[in-house]
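Read the structure below first, then the notes.
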Amino acid sequence: MSEQQDWKFLGDWPQGPFSSSLWADWWNEEIINLFGITLEPPAIAVINEGKVMVDFAQVQKLKKFLETKDSNFWKTLNDSLASLLKTLAEENIEHSDLVSSYKHFITNARAILAIWGMGALMAQAAQLIWNERFTAAEGITYSEHIPKIKTLFSDFHDAVENAENKGEDFSEILTRFAWIKTVNFEIRGLSMTDIEGVLRPAHHAPSTQIPLEQQEFLHLFSLWGFCKQLGAEYFSKFSYEHKPLLDRIAAAFSLSYEELLRVPYFEIQSALEEKRSPKQYGKRWLLLRTENGVEIKTSEDELAAWDNLIPKIPDTTSTLKGTVAFPGKVTGKATLVLTMEDAGRFTEGDILVTTMTTPDFLPIMHASSAILTEIGGLLCHAAIVSRELKIPCVIGIQHLTQILKDGDMVEVDADSGVITILS
């Protein structure tokens, strides 16, 4: 680890070895070439159930690329990527033998993740452009006017609202969007509680007249966020619809589905080909992308070195600062929700505190008085949803989940991006 100093702790996104190994290996030259830019693969490491470290050395190069292309370029590219994502997610990958089916599954999974991952890099670069263009005060004013990104999630919201307005039954929607709460291959079905969450009235904020030049930039900015958002959605859909294949593979190994998710994707492939049982991993491991591909390490000496990259924050910290995604001021009880297993502690009106939001968070986001995340810029899921719901939201708050505790009373000033712990 001679280049440790270049690594940055991104945050804690709970996931097991199967999902983590795919994320560590998302780089796909064939997909990246569609964007028309040459980049070096970003360095990614995942340790201990989802603590993610990255080295985004290529973001500055990508930033310059974004600035040279107009909205027509991005609209054309986004349409092409949307078509490709739909094909990859819905393609029949079933073959006569399990090994071939699994290889096809992994090929498509990595291609979808490549679009999502490239979108995440673009969002990082776009945030740099935003920060250069606007002062902090201007950024707060303009952030709530970033145009809505039309994706599968917005289709879900529109379908729910249309059914409600027409007095129609929601059963078809529950079936069509059953995938929407799947994240990191953890399958959770859609329920009427989720539908009711969508039907809660949105908050309202005063409108502001935006100069034409800034309107054009905000439109361009939203285009930069398209493939990140749509890639995430299609990966959820893909994961949900191909669970039967993973169930068959788990059964072939005499494992449960949950046990299969404790195995890196490449170990599953090797075990299938060699007709042996795969090695499962506990909660202490490191997945690292190297020149030789993704490797999993369990040596305590190596793990300890990476543990040192995770910042240790003093408990005495009482004020936090982040980026405003949607303005407003709220005082209330903080509830930490890192996975949906924590959702039972959340009650309507709480302040949602999490690493980052994903589709399965939608019901509690609707019920939140404010949303705080550790990871993300103005094109992240939390920012997009908070703007649609008009819920005060602050994102990119370093060390948030290490400092705030369940039940803390906090003041969220999403007009300035400051969070104050009251008690």
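The values are calculated or read from the model by the stated rules, or taken from the named source; none is laboratory data. The model shown is predicted, which means the values in this text are computed figures rather than measured ones. Cβ placement follows ideal geometry from the backbone for every residue including glycine, while neighbour counts extend to all protein chains displayed.
Key figures for this structure:
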read-out	value
Test: residue in region 162-174 that is exposed (fewer than 12 other Cβ atoms within 10 Å of the Cβ), hydroxyl-bearing (S, T, Y) and in a helix (DSSP H, G or I)	yes
Count of region 371-401 residues which are in a strand (DSSP E or B) and of a type in the set (V, I, T)	4
Residues satisfying the stated conditions in region 278-311, i.e. free of Cβ contacts under 8 Å to residues at least 60 places away in the same chain, small (G, A, S) and either within 17 Å of V54 (Cα to Cα) or outside any helix (DSSP H, G or I) (or both)	G282, S299
Answer from A136, A120, A89, A109 - the residue that is closer than 23 Å to G377 by Cβ, touching a residue at least 40 places away in the same chain (Cβ under 8 Å) and either of a type in the set (F, W, Y) or surrounded by 14 or more Cβ atoms within 10 Å (Cβ to Cβ) (or both)	A120
Strands (runs of 3 or more DSSP E) enclosed by region 8-74 - at least 1 residues per element that are of a type outside the set (A, V, I, L, M)	8-12, 51-55
Test: K228 is within 18 Å of S83 (Cα to Cα), in contact with a Phe, Trp or Tyr (Cβ under 6 Å, 6 or more places away or on another chain) and assigned to a helix (DSSP H, G or I)	no
Residue satisfying all of: in region 297-312; surrounded by 13 or more Cβ atoms within 10 Å (Cβ to Cβ) and of a type in the set (A, V, I, L, M, F, W, C); modelled with the highest pLDDT among these	L303
Subset of region 313-331 that is surrounded by 16 or more Cβ atoms within 10 Å (Cβ to Cβ), small (G, A, S) and assigned to a loop (DSSP other than H, G, I, E, B) - its residue that is nearest to the chain's Cα centre (by Cα)	G322
Lone qualifier among T107, T38, T68 - being of a type outside the set (A, V, I, L, M, F, W, C) and modelled with pLDDT under 90	T38
So T357, is it among the hydroxyl-bearing types (S, T, Y) and not in a loop (DSSP other than H, G, I, E, B)	no
Qualifying residue in region 62-82 (condition: surrounded by fewer than 21 Cβ atoms within 10 Å (Cβ to Cβ), closer than 30 Å to Y281 by Cβ and in contact (Cβ under 8 Å) with a residue 60 or more places away in the chain)	no
Residue check for L338: part of a strand (DSSP E or B), under 23 Å from the mean Cα position of the chain (by Cα) and under 30 Å from S143 (Cβ atoms)	no
Filter pass, L190 being surrounded by 14 or more Cβ atoms within 10 Å (Cβ to Cβ), of a type in the set (A, V, I, L, M, F, W, C) and not in a helix (DSSP H, G or I)	yes
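Yes/no per residue for (1) free of Cβ contacts under 8 Å to residues at least 60 places away in the same chain; (2) of a type outside the set (D, E, K, R); (3) more than 25 Å from I47 (Cβ to Cβ):
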position	(1), (2), (3)
T319	no, yes, yes
L338	no, yes, no
T347	yes, yes, yes
L352	yes, yes, yes
P363	no, yes, yes
